[in-house]
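*Asks:* Take this structure, written in structure tokens, and hold onto it; I'll ask about it next.
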Amino acid sequence: MDDEHIAEVWRTSRAYLVDIAFRMLGDVGAAEDVVQEAFVRLSRTEPGEI
């Protein structure tokens, strides 16, 4: 996945993913951190590694 595609997915999916993480964790800050870390990890992987 290239950086531009990841950025587009970030823009379109971030709020939804934070909402899911918040429901699981019960803390908005932790939910935002988890989602951000997931996207950082995604940006560092090759498509075949996923």
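The values are calculated or read from the model by the stated rules, or taken from the named source; none is laboratory data. This structure is a prediction, so every number in the text was calculated from the model and none was measured. Cβ sites come from the backbone with ideal geometry, for glycine too, and all protein chains shown count toward neighbours. These accessible areas exclude ligands, DNA and RNA; they are computed on the full protein's heavy atoms, side chains included. Shrake-Rupley method; radii C 1.70, N 1.55, O 1.52, S 1.80 Å.
*Asks:* For LEU25, LEU17, what's the largest-to-smallest order of accessible area, 1.4 Å probe?
*Replies:* Result, largest first: LEU25, LEU17.
*Asks:* May I pose another question? Given (i) 0.98; (ii) 1.01; (iii) 1.15, which label gives Rg/Rh (Cα atoms, Kirkwood Rh) as computed from the coordinates?
*Replies:* (ii)
*Asks:* Round to the nearest 10 and give me the degree value, 0 to 90, for the angle of helix 3-25's Cα axis relative to the longest principal axis of the chain.
*Replies:* Value to nearest ten degrees: 30.
*Asks:* Only four residue types carry charge here, +1 at the Cβ of Lys and Arg and -1 at the Cβ of Asp and Glu. Report the dipole size of the chain about the Cα centre in Debye, rounded to the nearest 20.
*Replies:* 180 debye
*Asks:* Between ARG14 and ALA38, what is the spin-label point distance in nm, taking each point 7 Å from the Cα along the Cα→C-beta axis?
*Replies:* Once both label points are built, they end up 1.5 nm from each other.
*Asks:* Angle between the Cα long axis of helix 28-43 and the longest principal axis of the chain, 0 to 90 degrees, nearest 10?
*Replies:* 10 degrees
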